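One structure is given below, encoded as C-alpha cells.
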Amino acid sequence: MTWKKLGAIYDGDWKDDHRCGFGTYSLPEGAGYRKVYSGGWKNDKRHGYGTNFYSYNEYYEGEWYADKRSGWGRMYYSDGAVYEGEWYNNMRNGEGMLRLANDNRYEGQWKDGKKHGKGKFFYLDRGQLYTGVWCDDIPKCGTVEDFGRHEAPKPTTYPLPECKLQDTKGVVKDAEDTFLDEQQ
C-alpha cells in the first residue's frame with residue numbers, strides 16, 4: 001500500500017494504520033524521489049534490518065530498534081570513514097571497527113560513540129600500532145610498536161627503540177587494570 005503525506009511517500013506494509021513490516025520511505029527531490037529508508041518497520045518506527053540514507057554518500061545499513069540504530073550495523077560517512085560493529089541508542093557501543101579514509105583504523109570497544117575500553121589503533125600510514133586502553137576517545141595507557149613500518153607510505157624516520165623494562169607486560173597490565181577499574 002502506498003501513502004503520501006507532505007510530499008513524502010511510503011510504500012510498504014501496514015498494520016492497524018501504522019507502518020509495520022517491510023517498506024520504503026522516500027522524499028521528493030528535483031524531478032523524482034530520493035529513497036531515505038528501506039527496511040523493517042514497527043509502529044511507524046524503523047525497526048529490524050534496514051538501510052537509511054542521510055545523503056548520497058552517507059548511509060547506515062544494519063539493525064534498528066524503535067527508530068534508533070541498535071544492534072549490528074555499518075555506517076558509511078561522507079569523509080570516507082566506515083564504522084562496522086555494535087550500536088545502541090543511535091551511538092557506537094560495544095565492539096566495533098572504525099576505518100578512516102586513509103586506511104588507519106581502530107578496532108576495539110566503544111561507549112556512547114567514543115573509543116572506550118580495550119582497543120588497537122593501526123597507524124598504517126606510518127607503520128605503527130597502539131594497543132591499550134581508551135577513555136572517552138583518549139588513549140590512556142598501552143604500548144606502541146612498529147607495525148609494517150617498511151611498507152608504510154609515510155614511515156617514521158626512525159624505528160621505535162626496544163623497551164628495556166624488566167616486566168613490560170606486567171607494568172602495562174597493571175596500568176590497564178587501573179584504568180579499566182576506574183571506568184566501572
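All of the numbers you see were taken from the coordinates with simple rules; none came from a lab. Being a predicted model, the structure only gives us computed values, none of them experimental. Don't worry about glycine lacking a Cβ; one is built from the backbone with ideal geometry, like all the others, and counts go over all protein chains shown.
A few comments on the model shown:
- Dividing the mean sequence gap of close Cα pairs (under 8 Å, 6+ apart) by how many residues the chain holds gives a relative contact order of 8 percent.
- The overall shape of segment 17-76, judged from the alpha-carbon gyration tensor, is oblate: a/c is not under 1.5, and a/b is no greater than b/c.
- For segment 118-136, backbone nitrogen atoms closer than 11 Å to the point 7 Å from Lys169 Cα along Cα-to-C-beta are found at no residue.
- Segment 46-118: C-alpha gyration tensor shape, a/c 1.5 cut-off, then a/b vs b/c: oblate
- Net charge of neighbours whose Cβ lies under 11 Å from the Cβ of Gly73, counting Lys and Arg as +1 and Asp and Glu as -1: 0
- With a simple spin-label model that places each label point 7 Å from the Cα along the Cα-to-Cβ direction, the separation between Met91 and Lys154 comes to 3.0 nm.
- Net charge over other residues, Cβ less than 13 angstrom from the Cβ of Asp167 (K, R count +1; D, E count -1): +2
- Under a Gaussian network description of the chain, with springs only between Cα atoms under 10 Å, the residue in Trp41, Trp64, Trp14 that fluctuates furthest is Trp14.
- Calculated diffusion of segment 1-128, Stokes-Einstein form, Kirkwood radius summed over Cα pairs, 37 °C and 0.692 mPa s, µm²/s: 206
- Helix 168-183 and the long axis of the chain differ in direction by around 40°, with both axes built from C-alpha atoms.
- In this rough spin-label picture, where each label sits 7 Å from Cα along the Cβ direction, the Asp146-His18 distance is 6.1 nm.
- Segment 153-174 and segment 19-72: distance between their alpha carbon centers, rounded to Å: 46
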